[in-house]
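No lab work stands behind these numbers, since they all come straight from the coordinates. What you see is a predicted model, and the numbers here were worked out from it, not measured in a lab. Because the Cβ atoms are built from the backbone with ideal geometry, glycine has one as well, and the counts that use them run over all protein chains shown.
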Amino acid sequence: MGTKNICLLVLCLLFVIASIVDADTSPVTVKKIKGKKVCDQGWECKGWSEYCCNLTISQYFDYYQFENVFSKRNSPVAQAAGFWDFKSFIIASAIYQPLGFGTTGNKTTQMKEIAAFLAHIGSQTSCGYGVATGGPTAWGLCYNREMSPNQDYCDESYKYTYPCAPGADYYGRGALPIYWNYNYGYIGDCLHVDLLHHPEYIEQNATLAFQAAMFQWLTPLKKGQPSAHDAMVGNWKPTKNDTLSHRTPGFGLTMNILYGERVCGKGDIDDMNTIVTHYLYYLDLMGVGREEAGAHDVLTCAEQKVFNPAAPKKAASS
């Protein structure tokens, strides 16, 4: 099947889901497969998964909470006003809920994962500042693209796997911004969308942008690392080396996975604290409460060694 046909199929599936997203929640259908209880909850959690036996995201996180969390995203000064919406978020999540996104563990664990995911996308797309109305945490999803890129993010060393397409620029786009041709190519392959030749699709379709962010959340992005999802819900168990490196399951580790040395292992720096502040604020707004965030070493990555530190630069020879 050609790329064009695949894209049309994806769009058709999204249209079908969108047409029923406002319908009443489907009843839970339960059966056993090889002695294991699995469930189906209709369009939002479909496919006979153990995770679909739990609450779906829309059953504990609704439109009004989304509006509260991202209350300033449609302000006239927001670059992406009118782009991001709750329906696109839920439609995108329907692909990943049967895999455990927002459906792993008890209700508190589920809500904490969604608050964590939203904290990352909110902090990475915020146009808030210290004295902004509502405070900086109210301005998540203000952007859907990098506004002043200083390069095209084309890495020619990937010319045999993900060669840069003529006229395409690979600056940051999306809810968890994607950079570089090799990331657009790889994520596009996994989503069955030609993002290598059409990176602009991410800033044109909110459902696809959320879907790309959720894919990054559920997928181990580098060798030897867990996914942010597994780190957040307790599926990942640290090795002795991880323990010695102060890497602990929880929100702090998700920052280590997604940003590495940009924010981790440097103490309580502003870049890290901004992301943490979003998470605590969203926990409060969702009714979970920031007291559920955990101790400092669980909540932050201030003292964690990063998984894949950059190789030290060689000193110039004299």
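Let's see how each residue does on (1) assigned to a loop (DSSP other than H, G, I, E, B); (2) of a type in the set (A, V, I, L, M, F, W, C); (3) over 22 Å from Leu285 (Cβ atoms):
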{"site": "Ile114", "(1), (2), (3)": "no, yes, no"}
{"site": "Gly122", "(1), (2), (3)": "no, no, no"}
{"site": "Thr133", "(1), (2), (3)": "yes, no, no"}
{"site": "Thr137", "(1), (2), (3)": "no, no, no"}
{"site": "Cys164", "(1), (2), (3)": "yes, yes, yes"}
{"site": "Ala175", "(1), (2), (3)": "yes, yes, no"}
{"site": "Asp194", "(1), (2), (3)": "yes, no, yes"}
{"site": "Phe210", "(1), (2), (3)": "no, yes, no"}
{"site": "Lys222", "(1), (2), (3)": "yes, no, yes"}
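If the condition is being part of a helix (DSSP H, G or I) and free of Cβ contacts under 8 Å to residues at least 24 places away in the same chain, then segment 196-208 contributes only Tyr201.
Assessment of segment 231-239 against the conditions (over 20 Å from Trp84 (Cα atoms) and aromatic (Phe, Trp, Tyr)) yields at least one matching residue.
Residues are listed down the side, and each one gets a yes or a no for (1) out of contact with any His (no Cβ under 8 Å at 6 or more places or on another chain); (2) of a type in the set (Ser, Thr, Tyr); (3) buried (at least 18 other Cβ atoms within 10 Å of the Cβ); (4) free of Cβ contacts under 8 Å to residues at least 60 places away in the same chain:
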position: Glu50; (1), (2), (3), (4): yes, no, no, yes
position: Tyr63; (1), (2), (3), (4): yes, yes, no, yes
position: Asn68; (1), (2), (3), (4): yes, no, no, no
position: Gln79; (1), (2), (3), (4): yes, no, no, no
position: Lys112; (1), (2), (3), (4): yes, no, yes, no
position: Ala119; (1), (2), (3), (4): no, no, yes, no
position: Ser123; (1), (2), (3), (4): no, yes, yes, no
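Looking at His229, is it of a type outside the set (A, V, I, L, M, F, W, C), in contact (Cβ under 8 Å) with a residue 24 or more places away in the chain, within 19 Å of Phe307 (Cβ to Cβ) and in contact with a helix residue (DSSP H, G or I) (Cβ under 6 Å, 6 or more places away or on another chain)? Before the answer, list the steps.
Details: of a type outside the set (A, V, I, L, M, F, W, C): yes; in contact (Cβ under 8 Å) with a residue 24 or more places away in the chain: yes; within 19 Å of Phe307 (Cβ to Cβ): yes; in contact with a helix residue (DSSP H, G or I) (Cβ under 6 Å, 6 or more places away or on another chain): yes.
Yes, satisfied.
Only residues that are without any contact (Cβ under 8 Å) to a residue 60 or more places away in the chain and out of contact with any Asp or Glu (no Cβ under 7 Å at 6 or more places or on another chain): list them for segment 240-251, please. Before you say what the answer is, go through the steps one by one.
Let us first name the residues in segment 240-251 that are without any contact (Cβ under 8 Å) to a residue 60 or more places away in the chain, namely 240-244, 246, 248-250.
Correct list: Lys240, Asn241, Asp242, Thr243, Leu244, Pro249, Gly250.
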